[in-house]
1. What single numbered condition from (1) of a type outside the set (A, V, I, L, M, F, W, C); (2) modelled with pLDDT under 95; (3) under 16 Å from LEU8 (Cβ atoms) fails to hold for GLY106?
2. Which one of these is within 15 Å of GLN169 (Cβ to Cβ), surrounded by fewer than 19 Cβ atoms within 10 Å (Cβ to Cβ), touching a helix residue (DSSP H, G or I) at 6+ places or on another chain (Cβ under 8 Å) and not aromatic (Phe, Trp, Tyr): SER100, SER121?
3. Residues that are free of Cβ contacts under 8 Å to residues at least 60 places away in the same chain, closer than 21 Å to PRO127 by Cα and of a type outside the set (Ser, Thr, Tyr): does the range 11-29 have at least one?
4. Can you confirm whether ARG49 is more than 26 Å from TYR138 (Cβ to Cβ), open to solvent by 20 Å² or more (accessible area, probe 1.4 Å), charged (D, E, K, R) and touching a residue at least 12 places away in the same chain (Cβ under 8 Å)?
5. For the condition β-branched (Val, Ile, Thr), within 25 Å of PRO144 (Cβ to Cβ) and part of a helix (DSSP H, G or I), what is the one hit in THR71, THR42?
6. Do the conditions hold for GLN112, that is, is it loosely packed, with under 13 Cβ neighbours inside 10 Å and closer than 19 Å to ALA7 by Cα?
7. Could you tell me whether LEU86 is assigned to a strand (DSSP E or B), in contact with a Lys or Arg (Cβ under 9 Å, 6 or more places away or on another chain), within 19 Å of ALA168 (Cα to Cα) and not β-branched (Val, Ile, Thr)?
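The values are calculated or read from the model by the stated rules, or taken from the named source; none is laboratory data. These figures come from a predicted structure and were not determined experimentally. Heads up, the Cβs are rebuilt from the backbone with ideal geometry, glycines too, and the neighbour counts pull from every protein chain shown. All accessible areas refer to the heavy atoms of the entire protein, side chains included, with ligands and DNA or RNA removed. Shrake-Rupley method; radii C 1.70, N 1.55, O 1.52, S 1.80 Å.
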Amino acid sequence: MAPKNLALVPLPAESVATADGTFRLIPKSRIVATGDAVDAATYFAQKARKSTGFTLPIVTGTADTHDVQITVAPDSSEDKPESYTLAADAHGLKIAANTSAGALNGVQTLRQLFPQWIESSSVVTTPWAVGGVVISDYPRYEHPGVSIDVARSFYTVDEMKEHIDNAAQFKFNA
């Protein structure tokens, strides 16, 4: 069950707030990508660089206290191929997934955990922090998605692309 202070969409399968401190993203933070996590790391870096103004280099190796670590390591969770675990505390933030799609799902959840200004296209000066939490999640439906009748909606191509990006933020397929 999700802690009451987490307003995540969709609600994760399991989440627990912890008293292990707060993760803080700072100017010297890095994104440590392990395994097949480079795409998810790049996606997060592109989003977060705009709003934080931080460099957020993508590296391999060992993560430090203020780093975001994203790891893809296949395991025996064949029945939950896009599952991930996200853990944040004073010692760092880690996303572990068994597929690259699971890592991207973890990044989408991470975006929701940061202050809402993470979505800003210009630099915002605010504490970039995530309270102590452990989240385990996986898609509960094979194809979560949204439908749009393009013959009746008259959206432009750019509006459709924006709609798809917004749906992806909440782990939907469009």
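1. Against the list (1) of a type outside the set (A, V, I, L, M, F, W, C); (2) modelled with pLDDT under 95; (3) under 16 Å from LEU8 (Cβ atoms), GLY106 comes up short only on (2).
2. So the residue among SER100, SER121 that is within 15 Å of GLN169 (Cβ to Cβ), surrounded by fewer than 19 Cβ atoms within 10 Å (Cβ to Cβ), touching a helix residue (DSSP H, G or I) at 6+ places or on another chain (Cβ under 8 Å) and not aromatic (Phe, Trp, Tyr) is SER121.
3. Within the range 11-29, one or more residues are free of Cβ contacts under 8 Å to residues at least 60 places away in the same chain, closer than 21 Å to PRO127 by Cα and of a type outside the set (Ser, Thr, Tyr).
4. Numbers: more than 26 Å from TYR138 (Cβ to Cβ): yes; open to solvent by 20 Å² or more (accessible area, probe 1.4 Å): yes; charged (D, E, K, R): yes; touching a residue at least 12 places away in the same chain (Cβ under 8 Å): no.
Judged against the criteria, ARG49 is not a match.
5. None of the others qualify; the one that does is THR42.
6. Values: loosely packed, with under 13 Cβ neighbours inside 10 Å: no; closer than 19 Å to ALA7 by Cα: yes.
Criteria not met by GLN112.
7. Values: assigned to a strand (DSSP E or B): yes; in contact with a Lys or Arg (Cβ under 9 Å, 6 or more places away or on another chain): yes; within 19 Å of ALA168 (Cα to Cα): yes; not β-branched (Val, Ile, Thr): yes.
Judged against the criteria, LEU86 is a match.
Let's see how each residue does on (1) in contact (Cβ under 8 Å) with a residue 60 or more places away in the chain; (2) under 23 Å from ALA45 (Cβ atoms); (3) touching an Asp or Glu at 6+ places or on another chain (Cβ under 9 Å):
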site: TYR84; (1), (2), (3): no, yes, yes
site: ALA88; (1), (2), (3): yes, yes, yes
site: THR99; (1), (2), (3): yes, yes, yes
site: ASN105; (1), (2), (3): yes, yes, yes
site: LEU113; (1), (2), (3): yes, yes, no
site: HIS163; (1), (2), (3): no, no, no
site: ALA168; (1), (2), (3): yes, yes, no
